Amino acid sequence: MELQDHNLDTLFQQLNLDSDPASIDAFIASHQLSADVKLIDADFWTPAQAAFLKELLREDAEWAPTVDELNVRLHETPQP
């Protein structure tokens, strides 16, 4: 049985997004969310991506901490 790392790189791979550190940072920087927008309701996700994230959170899957990390990073206030 192969164990998979549940980190941002592999989450981005699962979301079919570029998953190298620079691409992840660029995605996060260009997709900041206001405090009143939930991660799964962000308008930049495809319906499949939003459903995947919602399912991971609903099941409190092993991915949940990584999805939470993405949520926090997308809601950070950019530093000048």
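The values are calculated or read from the model by the stated rules, or taken from the named source; none is laboratory data. Since the structure is predicted, the reported quantities are computational estimates derived from the model, not experimental observations. Note that we place each Cβ from the backbone using ideal geometry, even for glycine, and neighbour counts take in every protein chain shown.
Please go through segment 25-37 and pick out each residue that is closer than 11 Å to LEU74 by Cβ and part of a helix (DSSP H, G or I).
Once the filter is applied, which keeps residues that are closer than 11 Å to LEU74 by Cβ and part of a helix (DSSP H, G or I), segment 25-37 yields PHE27, ILE28, ALA29, SER30.
Sort through GLU62, GLU2 and tell me the only one that's modelled with pLDDT under 95, part of a loop (DSSP other than H, G, I, E, B) and either touching a strand residue (DSSP E or B) at 6+ places or on another chain (Cβ under 6 Å) or surrounded by 11 or more Cβ atoms within 10 Å (Cβ to Cβ) (or both).
The conditions single out GLU62.
Hey, can you tell me all the residues within segment 11-23 that are free of Cβ contacts under 8 Å to residues at least 12 places away in the same chain and in a helix (DSSP H, G or I)?
Answer for segment 11-23, where residues must be free of Cβ contacts under 8 Å to residues at least 12 places away in the same chain and in a helix (DSSP H, G or I): GLN13, ALA22, SER23.
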